[in-house]
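What follows is a short report on a single structure.
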Amino acid sequence: MASDAQAQGLVDRLQAFMDAHIYPNEARYHEQLNALEDRFSTVPLMEELKAKAKAEGLWNLWMPADHGGLTNEQYCPLAEIMGRVLWAPEAFNCNAPDTGNMEVFLKYGTQAQKAQWLEPLLDGEIRSSYAMTEPDVASSDATNVRTRIERDGDHYVVNGRKWFITNAPYERTKIMIVMGKSDPDNANRHLQQSQILVPKDTPGVTVVRPLTTLGYDDAPLGHAEVLFENVRVPKENILLGEGRGFEIAQGRLGPGRIHHCMRLIGSAQRALEFACRRSETRETFGRKLSEHQSVLEDLAKSFSEIEQARLLTLKTARRIDEVGAKDARDLIAASKITVPLMAQTVIDRCMQIHGAGGLTADYPMAEAYNYARWCRQADGPDQVHMMALGKQLVRRYG
């Protein structure tokens, strides 16, 4: 585990890297992306940045403390810094869903699975997807999934349809972790599911279409609808064992939810900084925007809300470090309820201060707003977390 001094050193070095290599290249990144013949292929600049980050030791910063990395609390400021530019985490091999998938391999993978998939993921050579959400059921209740994982001799056969599968359209994605039902008649609904490794190039796997959120395709990573038709994979591809799928999902999603919150705080903080600068450089009705009470109130509220969310996220991260994600699920739920909505609200205010320009790609806010909005669905919608947290509170105090 890294010391606090080592963690602070990483913060300083990461900020310097962002200043030297990320912010100056934002326009270049989008120019290269828009010039790609296939929007879901590799942006050349990203490979340059990955090489630089590796060389500077700013690689796999998400690695948990029990594997020689950082505590969740130590990782918070690093994820916030990376979250200021939405595509930046990949440069440090810290982007979702790959960090969560790598944690799945670390926690639950066999040695053979780790050698085949975890090592190239850690090296940044390949990318991965996590296929749980389905279009035909309310996937906010993960026990609803209908995809079937059926044993057939030395193989499993996978049939089903998934959607909003991040990374699925990306050319570098080689492996999918697929959740489906292997024992649909089990009386315990939480033992009906399994998770299995499906290489993306397996016959029967079809990336049907990339999907958009509020018009953004999030290329080159993207989110896709994926069809599995009689997909056969070796029995060795099952993760942890039959009936352990829900258990794996819960172990994976807890820290991942907090990683999203950390990055969203960075997005909101950057939007606030843009709005402060804008308020000093624009005039309306004979006064700078910063001299209008309504603008000052919006800036003050935004600062306060970001600080509250940051402190809640830090407290949640510390609690996970102390007792584990399962016993910190109340704070995880509170963070997941609070932070994406906070970011959405703050970014919206900052867009408004920028006038019509705030809606354009001239500034990072519109895309960041989209990120905040879909995070209110990703890893469980607000309502599910509120319901779960409410039940915990009733049991605790009722």
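The values are calculated or read from the model by the stated rules, or taken from the named source; none is laboratory data. What you see is a predicted model, and the numbers here were worked out from it, not measured in a lab. With ideal geometry, Cβ positions are generated from the backbone for all residues, glycine too; neighbour counts draw on all protein chains shown.
Among the residues of the stretch 144-167, is there at least one that is over 21 Å from ILE238 (Cβ atoms), of a type in the set (D, E, K, R) and at pLDDT 95 or above? No, every residue in the stretch 144-167 fails to be over 21 Å from ILE238 (Cβ atoms), of a type in the set (D, E, K, R) and at pLDDT 95 or above.
Condition first: under 15 Å from the mean Cα position of the chain (by Cα), in contact (Cβ under 8 Å) with a residue 24 or more places away in the chain and part of a helix (DSSP H, G or I). Can you find one or more residues in the stretch 226-243 that meet it? Within the stretch 226-243, none of the residues are under 15 Å from the mean Cα position of the chain (by Cα), in contact (Cβ under 8 Å) with a residue 24 or more places away in the chain and part of a helix (DSSP H, G or I).
Is it the case that the stretch 371-394 has a residue that's over 17 Å from the mean Cα position of the chain (by Cα) and within 21 Å of MET82 (Cβ to Cβ)? The answer is no; no qualifying residue exists. The condition (being outside the structural domain of CYS375 (by TED's automatic domain parsing), acidic (Asp, Glu) and modelled with pLDDT of 95 or more) is satisfied by just one residue among ASP123, ASP141: ASP123. Of all residues in the stretch 1-46, those being farther than 22 Å from PRO364 by Cβ and among the charged types (D, E, K, R) number 5. Looking only at residues of the stretch 297-335 that are β-branched (Val, Ile, Thr) and in contact (Cβ under 8 Å) with a residue 40 or more places away in the chain, we find that the one that is surrounded by the most Cβ atoms within 10 Å (Cβ to Cβ) is THR316. The helices (runs of 4 or more DSSP H) found wholly in the stretch 1-102 and carrying at least 2 residues that are without any contact (Cβ under 8 Å) to a residue 40 or more places away in the chain and closer than 25 Å to ASN167 by Cα occupy 26-35, 44-55. Report, by residue number, each residue of the stretch 64-93 that is farther than 12 Å from SER267 by Cβ and acidic (Asp, Glu). Matches in the stretch 64-93: ASP66, GLU73, GLU90.
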